[in-house]
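The values are calculated or read from the model by the stated rules, or taken from the named source; none is laboratory data. These numbers were taken from a predicted model, which means no experiment stands behind them. Glycine gets a Cβ as well: all are built from the backbone with ideal geometry, and neighbour counts include every protein chain shown.
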Amino acid sequence: MQTDTMKAEIRKELTEHIIPFWLSLKDEENGGFYGYLSYELELDKKADKGCILNSRILWFFSHVYDFFRKEILSDHPDAPETEAESRVIFEGNGLYPAYTLADLKKAATHAYRFLKEAMLDLDNGGVYWSVTYEGLPSDTQKHTYNQAFAIYGLAAYYEISGDKRALETAYALMDIIEEKCADDGGYLEAFTIDFKPRSNEELSENGVEATRTMNSLLHCFEGYTELYRVDRQEKVREKLCEIANRFADKFYNPEKTRQEVFFDRDYNSLIDLHSYGHDIESSWLLEKGILLVDDPALTEKLTPMFRAMEEHVYDAAFDGEALLNECEKGVNDTKRIWWVECEAVIGFTNRGMMEEEGNKYMSAAETIWGYIRDHIVDPRPGSEWLSEVDTRNVPFTKKPIVEEWKCPYHNGRMCLEVLTRLSC
């Protein structure tokens, strides 16, 4: 496959499938977006609505609006703003109707309104884990990971709307993380509604319960990166540098050229686990933030870590077709997970752009995209992407198409990151 072909196919997938699918899930009666679509494509309009799901949707529609707006204005610099807003992005087909640039902004505003009105705890601060389909508190725990994604979505929405309240709310959530979700050693995980520590089942897996996780810290970094990108406050920059150093000093295992995943309070790793998807995701996501803060010493310190993780993931997990999921105690889990494959496409494209044309990383990105196109993208009308398939490309039918973790974040972000990189 040629890079131009991958670019065209990814653009088509974004505009003609991912975006219209998620536009169709707007809950016009109760607000937000429907929270569950089963593998059998049965929509549960009364399912709880996860705050992670809504925050990621807010980020997604804010960014696709920004992406296409900039593209339209670049091609037509003298066009009035109203003309750009009315520009059709997708002409529609027998399954999904046409939509304009303005429709993307309306979807972002729809998600923002639901976050603001239903998901913020005005008494105790922070956002809940989930609310009912009608927008009432359901799972009222507060999780650092969830606060970070709300910041992520709010910052992106502020950029396209100029809504000062969105930015103020993002900073209020940052204050919550720093004041109530952290200790002297770094960030903790799960809390009750009023920020008393509680068990961390939601971000613990593989038979352990973690006091600290690499995953939560990674997405705090991502949320803060987005906030700093749209509003260059020094206090955010300082936290980005602090978190980046913690990745290098506490999470990265230089002997195994990987990040450890689950930790106790003192940063002792709890399990022998190599999460291939998280390592390749971290390699490009952390680097993106480091380039933004523009600290030469930090760049010099972390760049060798990024390159080593990319090389290790390529050597250990790319099987010539797709990326393996993870390796626990020396045993590979060979499932093809939708988000893992997305991160591999971004990470290998990112690395490939640094190498000569025809290099192994860009070739891997193209190959994995081809696998996604042929086996992860669900061809059934009214569906989106499969959650996982096995090495025979058979779908795992117990995983739904939409749920609180399954949303247009990894695949939407993959499309935008790859299209941006290949357009440079």
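Exactly one condition in (1) farther than 30 Å from F67 by Cβ; (2) touching a Phe, Trp or Tyr at 6+ places or on another chain (Cβ under 8 Å); (3) not aromatic (F, W, Y) is false for A190; which is it?
(2)
Yes or no: segment 126-143 includes at least one residue that is part of a strand (DSSP E or B) and within 21 Å of R246 (Cβ to Cβ).
Yes, some residue in segment 126-143 is part of a strand (DSSP E or B) and within 21 Å of R246 (Cβ to Cβ).
C181 is checked against (1) in contact (Cβ under 8 Å) with a residue 24 or more places away in the chain; (2) surrounded by fewer than 23 Cβ atoms within 10 Å (Cβ to Cβ) and fails just one. What number does that condition carry?
The single condition C181 does not satisfy is (2).
Restricting to segment 372-419, and then to whatever is more than 18 Å from I280 (Cβ to Cβ) and part of a helix (DSSP H, G or I), can you tell me which residue is nearest to the chain's Cα centre (by Cα)?
L419
When you look at E40, is it at pLDDT 95 or above, more than 26 Å from the chain's Cα centre (by Cα) and farther than 23 Å from G223 by Cβ, yes or no?
It is false that E40 is at pLDDT 95 or above, more than 26 Å from the chain's Cα centre (by Cα) and farther than 23 Å from G223 by Cβ.
From the list L58, L41, L95, L73, exactly one residue is out of contact with any Asp or Glu (no Cβ under 6 Å at 6 or more places or on another chain) and farther than 30 Å from K399 by Cα. Which is it?
Selected residue: L73, the only one of L58, L41, L95, L73 that is out of contact with any Asp or Glu (no Cβ under 6 Å at 6 or more places or on another chain) and farther than 30 Å from K399 by Cα.
For segment 363-411, enumerate the residues that are polar (S, T, N, Q), touching a Phe, Trp or Tyr at 6+ places or on another chain (Cβ under 9 Å) and over 23 Å from M353 (Cα atoms).
S383, S387, N393, T397
From the residues in segment 191-200 that are in a loop (DSSP other than H, G, I, E, B) and not acidic (D, E), which one is nearest to the chain's Cα centre (by Cα)?
Out of the qualifying residues, it is N200.
Among residues belonging to segment 50-109 that are surrounded by 24 or more Cβ atoms within 10 Å (Cβ to Cβ) and of a type in the set (S, T, N, Q), point out the one that is nearest to G31 (Cα to Cα).
Step by step, filter segment 50-109, then rank; the result is N54.
Please verify whether Y252 is surrounded by 13 or more Cβ atoms within 10 Å (Cβ to Cβ) and closer than 17 Å to Y145 by Cβ, treating the condition exactly as stated. Break it down stepwise before answering.
On the way: surrounded by 13 or more Cβ atoms within 10 Å (Cβ to Cβ): yes; closer than 17 Å to Y145 by Cβ: no.
Taking the combined requirement at face value, the residue does not satisfy it.
Residues being assigned to a helix (DSSP H, G or I), within 15 Å of M6 (Cα to Cα) and charged (D, E, K, R): count how many of those fall in segment 344-371.
Qualifying residue count, segment 344-371: 1.
Looking only at segment 101-132, count how many residues are within 26 Å of T192 (Cβ to Cβ), charged (D, E, K, R) and free of Cβ contacts under 8 Å to residues at least 60 places away in the same chain.
2
What's the total number of residues in segment 29-72 that are aliphatic (A, V, I, L, M) and touching a helix residue (DSSP H, G or I) at 6+ places or on another chain (Cβ under 6 Å)?
5
Each row is one residue, and each column tells you yes or no for (1) in contact with a Lys or Arg (Cβ under 7 Å, 6 or more places away or on another chain); (2) closer than 12 Å to L23 by Cβ; (3) of a type in the set (A, V, I, L, M).
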position	(1), (2), (3)
E71	no, no, no
S74	no, no, no
A79	no, no, yes
S86	no, no, no
G94	no, no, no
A98	no, yes, yes
D103	no, yes, no
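Report, by residue number, each residue of segment 1-32 that is over 17 Å from the mean Cα position of the chain (by Cα) and of a type in the set (F, W, Y).
F21
Could you tell me which residue of segment 307-354 is surrounded by the fewest Cβ atoms within 10 Å (Cβ to Cβ), considering only residues that are over 12 Å from D279 (Cβ atoms) and of a type in the set (V, I, T)?
Taking the candidates together, the pick is V331.
Collect the residues in segment 257-289 that are over 18 Å from V340 (Cα atoms) and free of Cβ contacts under 8 Å to residues at least 40 places away in the same chain, keeping them in residue-number order.
Correct list: N268, S269.
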